[in-house]
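The block underneath contains the structure these notes are about, expressed in structure tokens.
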Amino acid sequence: MNYRHAFHAGNHADVLKHMVLVNLLEALARKDSPYFVLDTHAGRGHYLLAAAESRKTAEAEEGVFKLFGQARLHESIERYLRAVQSHNPVGALLAYPGSPLLIAQHLRQQDRLAACELQPEEAQRLRELFHHDSRVAVHTRDGYGAIKALLPPRIGQTRFGRGLVLIDPPYETQDAEYRQIIASVREGLGRWPHATWAVWYPIKQRRTLLPFLRKAAALPARSIWLAELQVRADDSPLRLAGSGMLMINAPWQLEQAIAPALPILQNLLGQAGATTRLEWLKQPE
Ligand code: SAM
């Protein structure tokens with residue numbers, strides 16, 4: 001059983017991932033036409049920060065908790081914090097929403113989410129969470145297989161021209177995961193060319209990332225950029241020093257909403273040697 005992610009809910013990697021995700025969802029909602037989201041590695045959708053397993057590593061205390069005590073932050077961070085706050089109606093931060101819940105709370109009546117989760121128990125939690133929400137379909141299946149099976153998305157009479165694929169795997173076998181991501185995005189771009197692809201990746205030893213990012217830069221996409229938050233200077237395979245979001249065909253000017261938020265996160269969450277970057281791998285023509 002893989003409960004690893006539950007231990008880390010609300011850590012610096014979730015802050016970066018979910019801050020970018022919430023801003024991306026708000027950008028998608030600027031047009032009336034329906035959008036579709038495929039969350040390939042959805043997790044259970046909802047985490048209790050007060051639970052023993054979350055406290056054990058106290059990673060949320062080094063992450064989202066540090067942001068909650070602050071006076072007004074940049075609007076892009078505030079959007080994310082409002083989304084987290086809405087799951088904590090009594091004020092205190094007790095619960096943390098995972099990606100499918102953040103996505104579902106942004107869906108309009110015409111939009112749809114397919115959430116894939118391989119672990120049956122996690123998928124069951126997800127199914128219970130969305131029991132009453134007909135806009136959300138939960139699939140207990142491999143998320144990469146879903147790229148082939150579910151794209152391009154069509155539900156009843158609706159063909160979804162636009163939308164998002166979020167790829168957030170556990171990276172248990174790092175090199176195999178990189179290969180799978182590149183192959184899946186390449187296939188998916190052919191199937192659903194106007195969608196945005198958001199791929200989360202861990203930063204441990206930087207040099208292991210370079211071939212992955214080089215291959216990503218060569219994908220047949222309109223635009224590609226990445227946003228990274230590294231909270232410590234480590235360069236070790238053993239500990240997460242930070243993480244990044246690889247953004248393929250992102251909505252126009254989304255990077256301008258994300259860039260000013262990164263140094264603020266670095267100041268609030270980073271230790272000595274913390275860095276951030278926002279870099280284009282392929283500029284739109
Ligand atoms: N995206 C979630 C979020 O932001 O809240 C967190 C996802 S967690 C990092 C990764 C999840 O992927 C785990 O729940 C794990 O069980 C699941 N998983 C692992 N391999 C998978 C696969 N091939 N297809 C779908 N889910 C998978």
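Some observations on this one:
- Charge sum, other residues only, whose C-beta stays under 14 Å from G190's C-beta, Lys/Arg counted +1 and Asp/Glu -1: +3
- Cross-link partners of K282 among lysines (Cα-Cα below 23 Å; sequence separation of 8 or more within a chain): K17, K215
- Share, in percent, of DSSP beta bridges within region 4-282 that are antiparallel, nearest 5: 60
- For R222, the amide hydrogen comes within under 5 Å of the amide hydrogens of N249, counting only partners 5 or more places away or on other chains and with H modelled in the peptide plane.
- Top positive-direction residue, dipole computed over region 4-282 with Cβ charges, set W225, N88, N11: W225
- Cα-based equivalent ellipsoid of region 149-278: semi-axis lengths in Å, sorted from largest, via gyration tensor: 28, 18, 12
- Here the label points at R239 and E285, each 7 Å from Cα along the C-beta direction, are separated by 4.6 nm in the simple model.
- Distance from the alpha carbon centroid of region 60-105 to that of region 198-273 works out to 21 angstrom.
- Residue with peak Gaussian network fluctuation, the chain [Cα springs, cutoff 10 Å], from L49, L262, L150: L150
- Sum of side-chain charges, A123 neighbourhood, beta-carbon under 14 Å (Lys, Arg +1; Asp, Glu -1): -2
- Between amide H atoms placed 1.01 Å from N, distances below 5 Å from I203 occur with A241, G242, S243, G244, all of them 5 or more places distant or on a separate chain.
- At full extension, K66 and Q85 could sit 5.5 nm farther apart than now, given 0.36 nm per residue minus the alpha carbon distance.
- Sites E75 and Q110 - FRET efficiency at Förster radius 22 Å, r taken between beta-carbons, to 0.05: 0.30
- Charge context of R108, other residues only, Cβ under 15 angstrom, K/R +1, D/E -1: +1
- One quarter of the convex hull surface built on the alpha carbon atoms of the chain amounts to 14.2 nm², the projected area averaged over directions.
- Calculated log₁₀ intensity ratio I(q)/I(0) where the Debye formula runs over C-alpha points of region 124-190, q = 0.16, 0.19, 0.22 Å⁻¹: -0.70, -0.93, -1.12
Where a number appears in this text, it was derived from the coordinates with a stated rule and is not lab data. Nothing here was measured: the structure is a model prediction, and the numbers come from that model. For neighbour counting, all protein chains shown are included, and Cβ atoms are generated from backbone atoms with ideal geometry for every residue, glycine included.
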